[in-house]
1. Please state which of the following conditions S12 fails to meet, knowing it meets all the rest: (1) hydroxyl-bearing (S, T, Y); (2) farther than 22 Å from F122 by Cα; (3) touching a residue at least 12 places away in the same chain (Cβ under 8 Å).
2. I'd like to know if region 18-40 contains one or more residues that are without any contact (Cβ under 8 Å) to a residue 60 or more places away in the chain, assigned to a strand (DSSP E or B) and surrounded by 10 or more Cβ atoms within 10 Å (Cβ to Cβ).
3. Output the residues belonging to region 38-50 that are in contact with a strand residue (DSSP E or B) (Cβ under 9 Å, 6 or more places away or on another chain) and closer than 13 Å to I81 by Cα.
4. Give me the pairs, please: first residue somewhere in region 71-84 and free of Cβ contacts under 8 Å to residues at least 24 places away in the same chain and closer than 10 Å to N58 by Cβ, second residue anywhere and among the charged types (D, E, K, R) and surrounded by fewer than 18 Cβ atoms within 10 Å (Cβ to Cβ), beta-carbon distance under 9 Å, and either six or more positions apart or on two chains.
5. Say whether the condition of being in contact with a helix residue (DSSP H, G or I) (Cβ under 6 Å, 6 or more places away or on another chain) and small (G, A, S) is met by at least one residue in region 30-37.
6. Scanning region 51-105 for residues that are hydrophobic (A, V, I, L, M, F, W, C) and part of a loop (DSSP other than H, G, I, E, B), which turns out farthest from N123 (Cα to Cα)?
7. Considering only residues of region 81-100 that are more than 16 Å from the chain's Cα centre (by Cα) and among the β-branched types (V, I, T), which is farthest from T114 (Cα to Cα)?
8. May I ask you to verify whether D45 is within 15 Å of L111 (Cβ to Cβ) and not hydroxyl-bearing (S, T, Y)?
Amino acid sequence: MNIVVNREGKESTFPVVLKNREGKTDVVKLEVKDAFSGLGLETEDIDSKTLKKLDLQNGIIVKSLGNGKLAKYTDMREGFIVTKVNDVPVKSVKEFKALINKKSNGELIILSGTYQDFPREFNYAFRL
């Protein structure tokens, strides 16, 4: 590729090679992350015995919170049991991820659930 530069009315042509961060001429593709990975959490299915003990029909547990939207925009703690996403019951991690990934950027999401040590309903709202 050539670039033409005009300096005080005098045009000069220079050959230019554009390179990516690795110093190669390959086209860099945008890395697309799913919405779930942007939340910054690790989740796990809950066995039916634990659900019954907690008097819950369904839910998954938040094992850890890393850097992500939930840690940044909510007061959620590790150990939170997600029972619903926007009033849709959550029965597995796979289902939870699918519900989150269906949402659009900027869409409001409300995670409803409880904690084992403080059994009342909590709602955490945030936008993707």
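1. Failed condition: (3).
2. No, that holds for no residue.
3. L41, E42, T43, E44, D45, I46, T50
4. From residues that are free of Cβ contacts under 8 Å to residues at least 24 places away in the same chain and closer than 10 Å to N58 by Cβ, there are no pairs.
5. yes
6. L54
7. V88
8. It is false that D45 is within 15 Å of L111 (Cβ to Cβ) and not hydroxyl-bearing (S, T, Y).
Every read-out reported here was derived from the displayed coordinates using simple, explicitly stated rules and does not represent laboratory data. Quick caveat: nothing in here was measured; it's all calculated off a predicted structure. We place every Cβ from the backbone using ideal geometry, glycine too, and count neighbours over all the protein chains shown.
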